[in-house]
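The values are calculated or read from the model by the stated rules, or taken from the named source; none is laboratory data. As the structure is a prediction and not an experimental result, all values here were calculated from the model. Here the Cβ is made from the backbone with ideal geometry for all residues, glycine too, and neighbour counts use every protein chain on show.
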Protein chains: 2
Amino acid sequence: MPRVGLNQQTVVREAARLADEVGFEQLTLAALASRLGVALPSLYKHVRGADALTQKLAALATAELATEMTTAAVGRSGGDALRAMADAYRGYALRHPGRYPTTQRVPDPADEEHVAAGERAVGAVFAVLRGYGLTGDDAVDATRALRSALHGFVTLEAAGGFGLPRDVDRSYHQLVASMDISFRSWPRTGG
Amino acid sequence: MPRVGLNQQTVVREAARLADEVGFEQLTLAALASRLGVALPSLYKHVRGADALTQKLAALATAELATEMTTAAVGRSGGDALRAMADAYRGYALRHPGRYPTTQRVPDPADEEHVAAGERAVGAVFAVLRGYGLTGDDAVDATRALRSALHGFVTLEAAGGFGLPRDVDRSYHQLVASMDISFRSWPRTGG
DNA sequence: CAAGCTTGGCTAAGTGGCTTAGCTTTAAGG
DNA sequence: CCTTAAAGCTAAGCCACTTAGCCAAGCTTG
């Protein structure tokens, strides 16, 4: 039996590719093993099991998403930064439909990289909101609002939840424009 | 073997209760059957299988949610109606954590009740938006924005995605307040 | 270079989901 | 009372994940 030479990274990266192709729900250890040219139980030499694989996938996807969000916003501010970040967010979700759902998993506190990636993503949003003068509790509320709006939109879009023929791109741009308006006149609590 | 006297409705309603108790992901035909006091395959006399059960559950939950949204908004208008409907929406999701996720399933066109329930829910949102003077394409965009924001928020809340100690109720009220502001000054396209 | 050890592969087997096939019995209706 | 549709059952199969335990590849070290 010739060795394939797997390690955790190659397994997780192939899982990410496979998830994007078939959908996260259809990602199965059996399919992954066959894709990698090994028998299913061999995967257990590299990941603890299906749950652990999903967590590792989440860490990878969160890091990728945080990087794209940060890169998009760099050198911009205000509505410019908001639009760039929002486009990067949706772009990632559309290009990586299998990875995206995992980005909403709460990181395992023991996985430092995952925790750090999550903090980078939130930090990127915070930085954009600072451009609107939002800090403290206001920034927390606004971050939750922005995450909710973006996550909700891409989730509904991916689920095919937008039935009517109206162009989805335009709806998204209108959503982002409305968030821009909201942040300019955010109902301050003085937090 | 004494008959229990099940029918599709009792099965679906018990599935709804069970889902709320253990979570939609943990809803299993085995657990449902044991709860109903029958052997697992007996359920197939009443529902076609696990997928069909989920669809029926979705139809039930969508109808319940649409009713609560409509009831909340009746006799109110503008921001008042928006807040009432938003509170009803989140309230339903919190009281029925197992049913809520199914409300985002696209209805099977063959299931008239499900389709009708979905239309009632969208219609309720449309009615509220009409109070802001939003119609046509603007109303479509605004509906998508509102659904995204509310669905995103309750989903992230249910997933435990809001880590910071800031009060979640307040964040939600701020989100709804910001949507109110957005709808007042919606970026019109004249659709 | 050989011996030995770590490690990555394997097969076998068990659990727990969902589903189908086919039988039995209930209980409703003529 | 007899018939029959339907509601229950058992048995069996599929597919996913997981664990146990074996074997060989290939590195390390004397």
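Answer yes or no as to whether B:Pro41 is loosely packed, with under 13 Cβ neighbours inside 10 Å, at pLDDT below 95 and either at negative phi or more than 9 Å from DNA strand D (Cβ to nearest atom) (or both). In short, no. Among the candidates B:Gly118, B:Gly163, the residue that is free of Cβ contacts under 8 Å to residues at least 60 places away in the same chain and assigned to a helix (DSSP H, G or I) is uniquely B:Gly118. Return yes when B:Ala31 is within 16 Å of DNA strand D (Cβ to nearest atom), without any contact (Cβ under 8 Å) to a residue 24 or more places away in the chain and aliphatic (A, V, I, L, M) and no when it is not. Yes: the conditions hold for B:Ala31. Filtered by the rule that a residue be free of Cβ contacts under 8 Å to residues at least 24 places away in the same chain and either hydroxyl-bearing (Ser, Thr, Tyr) or part of a helix (DSSP H, G or I) (or both), the stretch A:102-115 gives A:Glu112, A:Val115. Here A:Asp137 meets the list (1) within 13 Å of chain B (Cβ to nearest Cβ); (2) part of a helix (DSSP H, G or I); (3) in contact with a helix residue (DSSP H, G or I) (Cβ under 7 Å, 6 or more places away or on another chain) almost entirely, failing just condition (3). Consider B:Gly23 carefully, then state whether it is away from DNA strand C (no atom under 12 Å from the Cβ) and surrounded by fewer than 13 Cβ atoms within 10 Å (Cβ to Cβ). No, not satisfied. Within the stretch B:151-165, being facing chain A (nearest Cβ under 8 Å) and buried (at least 18 other Cβ atoms within 10 Å of the Cβ) holds for B:His151, B:Gly152, B:Phe153, B:Thr155, B:Leu156, B:Gly161, B:Phe162.
For (1) surrounded by 16 or more Cβ atoms within 10 Å (Cβ to Cβ); (2) aliphatic (A, V, I, L, M); (3) closer than 30 Å to B:Pro109 by Cβ, each residue gets a yes or a no:
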residue	(1), (2), (3)
A:Val74	no, yes, no
A:Phe126	yes, no, no
A:Ala142	yes, yes, no
A:Ala149	yes, yes, yes
A:Gln174	yes, no, yes
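Cβ-Cβ distances below 6 Å connect the following pairs, each with a first residue in the stretch B:34-54 that is assigned to a loop (DSSP other than H, G, I, E, B), a second residue that is near DNA strand D (Cβ under 8 Å from one of its atoms), and a separation of six or more residues or different chains: B:Gly37/B:Val4; B:Val38/B:Val4; B:His46/B:Leu6. One residue stands out in the stretch A:176-191 among those that are outside any helix (DSSP H, G or I) and more than 7 Å from chain B (Cβ to nearest Cβ): the one that is surrounded by the fewest Cβ atoms within 10 Å (Cβ to Cβ), namely A:Gly190. With the checklist (1) closer than 18 Å to A:Ile181 by Cα; (2) among the aromatic types (Phe, Trp, Tyr); (3) more than 9 Å from chain A (Cβ to nearest Cβ) in hand, flag the one item B:Tyr100 doesn't pass. Condition not satisfied by B:Tyr100: (1).
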